[in-house]
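*Asks:* Before we start, here is the structure in question, set down as structure tokens.
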Amino acid sequence: NGSNDQTPELIKDFLQEREGVLANIGNTKLLDGQPRTVKMANLRNKAKDLSPRNSDWHLLIDTDIYFESNILEKMFAHNPSEKLVGMLCAYGIEIRPGKTEDEWKTQGHYYDTFAYVDQKRKLYLPHCVFTDCKKCATTSHVKVEPVGLMEVVSAFGGVAMIKSDVIHHEGVEWQSFQNNDVWMCEHVLFCDRVKNKAGLSVSIATDCHVFWDASTFGR
């Protein structure tokens, strides 16, 4: 997406002994003046246009996300195709570096509260509704026990599997919108279209944990 870090070199390194192509969406300077969620929606849609059609699933990973090597095996164990899931999100948790290089601290806070909308179409941002979260324990929101496969209206956990048919569905794309002067997460409308255009559900695999380094936000 136009960042000047070592991401392209790392991906090329990763692909040396694997089948794959690094696709670059090109110059993104024209997007820099837009609200972040509008910019992200545009970037995701450009990447969608470049994605291959000869696969069953696509994998969407945010930056600074950490996970165990068997994360996809654990997510596929939920049999998302058989359960008509169009987008399966991992359970992303916010972490921060500790005092030593290999120490991490977590309060169990769900990674993307801006993307989370429950079955009653209720948004909770900036709070987290899960019982594992100690950061939001003092809020008045009803807490939810994260068990198994949880169907939602919208979510993103830092890692998500999306059906190829969904990615290439002409009626499904990312888009941000304003709600009470707040630019909403681009995943909200995308997930809504997964259900209403593609006829599939959106779920969180709450036993499939990934971790986001929250100290990198805004860098």
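The values are calculated or read from the model by the stated rules, or taken from the named source; none is laboratory data. For clarity, every value in this text was computed on a predicted model and none was experimentally measured. A quick note on method: Cβ atoms are made from the backbone with ideal geometry, for glycine too, and the neighbour counts reach across all protein chains shown. Surface accessibility is based on the protein's heavy atoms, side chains included, excluding ligands, DNA and RNA. Shrake-Rupley method; radii C 1.70, N 1.55, O 1.52, S 1.80 Å.
*Asks:* Using the Cβ atoms and a cut-off under 14 Å, what net charge is assigned to the surroundings of Arg193, where Lys and Arg are +1 and Asp and Glu are -1? Mind showing how you got there, number by number?
*Replies:* On the way: positive: Arg44, Lys48, Lys163, Lys195, Lys197; negative: Asp165, Glu170, Glu173, Glu186, Asp192.
Cβ neighbours under 14 Å give a net charge of 0.
*Asks:* Oh, and also: For region 127-210, what is the convex hull (Cα atoms) projected area averaged across all directions, in square nanometres?
*Replies:* If I average the Cα hull's projected area over directions, I get 6.6 nm².
*Asks:* Okay, moving on. Grab the other residues whose beta carbon is less than 11 angstrom from that of Val129, score K and R as +1, D and E as -1, and report the net. It would help to have the intermediate numbers written out before the result.
*Replies:* Working: positive: Lys122, Lys143; negative: Asp118, Asp132, Glu145.
Computed value for this residue: -1.
*Asks:* Counting only heavy atoms of protein chains, what accessible area per residue, in Å², does region 5-160 have with a probe of 1.4 Å? Don't skip to the answer; put the middle values down first.
*Replies:* Working: 9900 Å² over 156 residues.
Computed with neighbouring chains in place, this is 63 Å² per residue.
*Asks:* Evaluate 2.2 N^0.38 Å with N set to the residue count of region 77-139, then give the Cα radius of gyration divided by it.
*Replies:* On the way: Rg = 14.7 Å, N = 63, 2.2 N^0.38 = 10.6 Å.
Dividing the Cα radius of gyration by 2.2 N^0.38 Å gives 1.39.
*Asks:* Where both partners of a DSSP beta bridge lie in region 62-210, what percent of those bridges are antiparallel, to the nearest 5? Spell out each step's value before the answer.
*Replies:* Working: 15 of 23 bridges.
Approximately 65 percent, going by the DSSP bridge assignments.
*Asks:* Can I ask one more? If the elastic network links every pair of Cα atoms under 10 Å, which of Asp13, Asp132, Asp192 fluctuates the most in the Gaussian network model of the chain?
*Replies:* Top of the fluctuation ranking is Asp13.
*Asks:* For region 1-40, run through the trypsin sites (Lys or Arg not before Pro) and keep only the ones in DSSP coil with at most 10 other Cβ atoms within 10 Å of their Cβ.
*Replies:* Numbers: sites: Lys12, Arg18, Lys29, Arg36, Lys39; in loops: Arg18.
Those satisfying the criteria are Arg18.
*Asks:* Per the helix-only calculation at 222 nm, which mean residue ellipticity applies to the chain, given -39500 (n - 2.57) for every DSSP H run of n ≥ 4 and division by its residues, nearest 500 deg cm²/dmol? If you can, show how the numbers build up before the last one.
*Replies:* Values: 5 runs with 45 residues, N = 219.
Computed ellipticity for the chain at 222 nm equals -6000 deg cm²/dmol.
*Asks:* On the Cα set of the chain, report Rg and Dmax in Å, please.
*Replies:* For the chain, the Cα radius of gyration and maximum Cα-Cα distance read 17.2, 51 Å.
*Asks:* Let me ask something else. Restrict the search to region 1-65; then list the GluC sites (Glu not before Pro) that DSSP places in a loop and that have at most 13 other Cβ atoms within 10 Å of their Cβ.
*Replies:* Of the GluC sites (Glu not before Pro), the ones in loops of region 1-65 whose Cβ has at most 13 other Cβ atoms within 10 Å are Glu17, Glu19.
*Asks:* Let me ask something else. Exactly which GluC sites (Glu not before Pro) in region 57-127 are in a DSSP loop and have at most 13 other Cβ atoms within 10 Å?
*Replies:* Details: sites: Glu68, Glu73, Glu82, Glu94, Glu101, Glu103; in loops: Glu68, Glu82, Glu101, Glu103.
Within region 57-127, the qualifying GluC sites (Glu not before Pro) (loop, at most 13 other Cβ atoms within 10 Å) are Glu68, Glu82, Glu101, Glu103.
*Asks:* Using alpha carbons only, what's the Rg to Rh ratio of region 59-110 with Rh from Kirkwood?
*Replies:* Values: Rg = 14.0 Å, Rh = 13.2 Å.
Looking at region 59-110, the ratio lands at 1.06.
*Asks:* Where the centroid of each part is defined by its Cα atoms, how far is region 187-212 from region 1-34 in Å?
*Replies:* Taking the Cα centre of each part, region 187-212 and region 1-34 sit 25 Å apart.
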